[in-house]
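A.B. asks: Just passing along the structure, written as structure tokens.
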């Protein structure tokens with residue numbers, strides 16, 4: 001998690017929580033809560049930590065790349081090659097409901113992880129995708145046409161004929177399209193051939209640290 005990576009970074013530098021907090025211009029209590037995973041980070045705080053401690057946003061967010069400290073001595077690299085995506089509101093991970101569609105803000109991510117310039121971010125509500133996706137997690141969505149979904153377990157944001165939106169795994173069968181959840185408490189839904197289903201986009205990235 002991002003909290004564990006921040007603790008790993010702090011310990012590797014030999015800093016106490018007080019020393020780390022001072023350099024990052026944060027409170028000691030805030031650092032403690034972040035490391036324990038009970039407090040999330042704003043985009044501004046993420047970039048401040050990256051710049052203060054010379055680490056890569058990609059490493060801090062996902063842990064999939066080396067930190068900048070391990071490969072470059074310059075802090076400027078920490079903020080380069082980022083793309084700012086709009087947060088368009090909420091998407092239910094449960095039974096479909098009418099979504100909130102408005103720009104709530106913007107979030108920066110490493111450009112090498114976002115291939116689609118039209119991608120956008122949604123905040124997840126509900127528990128149907130646990131343990132894959134939790135409430136208040138962020139998902140990055142790449143808009144696409146229905147024909148681009150292969151139907152072999154793609155995770156997508158869908159809109160039903162009534163205009164309601166949800167995030168579901170999609171499976172194509174002869175009798176129609178099956179919309180399934182990760183949580184077994186939520187039964188699969190069958191969308192028959194005569195029912196309307198719009199594929200808004202495919203989920204290309206999940207961010208499991210955004211808790212507010």
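The values are calculated or read from the model by the stated rules, or taken from the named source; none is laboratory data. Fair warning: this is a prediction, and the values are worked out from it, not measured in the lab. Neighbour counts are summed over all protein chains in view; Cβ atoms, including those assigned to glycine, are modelled from backbone coordinates with ideal geometry.
A.B. asks: Output the residues belonging to the range 144-162 that are at pLDDT below 70 and either at positive phi or outside the structural domain of residue 181 (by TED's automatic domain parsing) (or both).
C.D. replies: 151
A.B. asks: Within the range 163-181, how many residues turn out to be surrounded by fewer than 17 Cβ atoms within 10 Å (Cβ to Cβ) and touching a residue at least 40 places away in the same chain (Cβ under 8 Å)?
C.D. replies: 2
A.B. asks: Which of the numbered conditions does residue 141 fail, given that it passes all the others? Conditions: (1) modelled with pLDDT of 75 or more; (2) farther than 25 Å from residue 187 by Cα.
C.D. replies: That leaves (2) as the condition not met.
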